[in-house]
Amino acid sequence: MKPFDFVKPDDQEAAISALAAHSPNVRILAGGTDYLVELKHVSQSPGTVVDVSQIAELKGIEETEDGLRIGAGVTHSAIMADPLIEKHVPAMIHAAHTIGAVQTRNLGTLGGNLVTCVPSMDSGPTLVALDAEVTVAGPDGSRRIPLTEFFVGPRKTILAPHELLIDVIIPKRNLGKPTNFYKFGLRKGQALALVNAASSLWVEDGKFKDVRISLGAVSPVVVRAPKAEAVLEGKPVSDDLISEAGKIAVTECNPIDDFRASLDYRRDLIDVLTRRTLQAAVEIAAQE
Ligand SMILES: Cc1cc2nc3c(=O)[nH]c(=O)nc-3n(C[C@H](O)[C@H](O)[C@H](O)COP(=O)(O)OP(=O)(O)OC[C@H]3O[C@@H](n4cnc5c(N)ncnc54)[C@H](O)[C@@H]3O)c2cc1C
């Protein structure tokens, strides 16, 4: 590990000032489950590391006028234990539960998962399926953008070195929306997703409404499948249409072919997971 300076600001404002003061030779540390691995192997010092893991403003989960606000510093374990998440977005609990093991979930944060931006990130699909937005802040103020615009490519987001991810907002209109997440890995635990998926929808007068299908590990970033969504939108709920949507979703993704799974296998998974998450969301809708 190369030597570096270390600062641990007390609050969000001090963190932003520290980032601005040391940019561009500065990195943020939250739970460290991704970054410490990287830090041990880099050939150049990061300059200054700003530890945001104890900043209270990044930790809250609360209902606001806009929806449900989840601080970037909230850990996966905190998500799993939170009553507001359980009430409004239980699919986030299922997604968090699939991340690593207990130790990783206790340290790893939602913000760190999104900023690392690997295509297989397990918190991405559910949030994309719920039209989540993120707040980004820097010395010139803050801005809110759709999560889909935050992701740029594998391990790349729109964040500049002097910017901090503050929170994730699930819009009010989507709180309680029937949603299902499913991850398929080669093991039950401690496995990267070969494919992960989330679907959200309302059923109104027996018809699909506001369908969202989101897939991870099948493209450079977590993506939606808009053509598959369109095939369902406004139509009476049916298994045949869900099957059709699964097949269309396959055409909207670019999975890789590697030692973990062949291209054909991943394509099958996209079809199956799209169908499964849609069917599960329909079942949740029927219970409400
Ligand atoms: C053993 C193991 C198993 C894992 N299994 C999974 C898995 O199954 N699924 C999965 O999705 N991930 C998995 N991960 C990856 C990792 O645990 C998650 O991505 C975790 O959420 C990262 O959060 P963190 O707080 O530890 O981030 P850190 O490691 O602290 O930071 C990660 C990156 O995000 C940046 N960052 C952190 N917070 C902010 C912020 N607020 N604003 C701006 N930038 C920020 C850092 O600078 C760094 O670039 C695993 C990791 C390990 C070590």
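A short reminder: the numbers here are calculations on the coordinates, not readings from a lab. These numbers were taken from a predicted model, which means no experiment stands behind them. Note that each Cβ is placed from the backbone with ideal geometry, even for glycine, and that neighbours are counted across all protein chains shown.
Tabulated results
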read-out: Pairs of alpha carbons in the chain whose separation is greater than 35 Å (percent); value: 18 percent
read-out: Net charge, ASP257 excluded, C-beta distance under 11 Å - Lys, Arg +1, Asp, Glu -1; value: +1
read-out: Stokes-Einstein D in µm²/s, Kirkwood radius over Cα pairs - the range 233-288 at 10 °C with 1.306 mPa s viscosity; value: 129 µm²/s
read-out: Too-long pairs where the Cα-Cα distance tops 22 Å, listed order kept, from LYS183/LYS209; LYS59/LYS87; LYS207/LYS227; LYS177/LYS207; value: LYS183/LYS209
read-out: Over the chain: helical MRE at 222 nm, DSSP H runs n ≥ 4 each giving -39500 (n - 2.57), nearest 500; value: -10500 deg cm²/dmol
read-out: Viscosity 0.890 mPa s, 25 °C: Kirkwood-radius Stokes-Einstein D of the range 52-113 over Cα pairs, µm²/s; value: 211 µm²/s
read-out: Segment ILE256-HIS41, length gained on full extension (0.36 nm per residue, minus Cα span); value: 74.8 nm
read-out: Whole-number percent relative contact order across the chain, with pairs defined as alpha carbons under 8 Å at least 6 apart; value: 16 percent
read-out: For ARG187, net neighbour charge (Lys/Arg +1, Asp/Glu -1) across residues whose Cβ lies under 15 Å away; value: +2
read-out: For the range 5-51, convex hull volume per residue from C-alpha positions, Å³; value: 64 Å³
read-out: Relative contact order %, the range 138-229, counting alpha carbon pairs below 8 Å whose residues are six or more apart; value: 20 percent
read-out: Residue order, fewest to most surrounding Cβ atoms within 10 angstrom, among HIS88, HIS41, HIS76; value: HIS41, HIS88, HIS76
read-out: Pairwise FRET efficiency - ALA81 versus LEU186, Cβ, R0 = 25 Å, nearest 0.05; value: 0.35
read-out: At 1.002 mPa s and 20 °C, Stokes D of the range 59-174 from Kirkwood alpha-carbon radius, µm² per second; value: 152 µm²/s
read-out: Net lengthening on full extension, ASP10/HIS97 (0.36 nm per residue, minus Cα-Cα); value: 28.4 nm
read-out: Total charge dipole magnitude, the chain, about the Cα centre, Cβ charges on Lys, Arg, Asp, Glu only, Debye to nearest 20; value: 740 debye
read-out: Debye log10 I(q)/I(0) at q = 0.11, 0.14 Å⁻¹ for the range 179-287, Cα point scatterers; value: -0.31, -0.50
read-out: Relative contact order computed over the range 129-288 (Cα-Cα under 8 Å; 6+ residues apart), in percent; value: 21 percent
read-out: For the range 99-123 versus the range 269-285, the gap between their alpha-carbon centres in whole angstrom; value: 23 Å
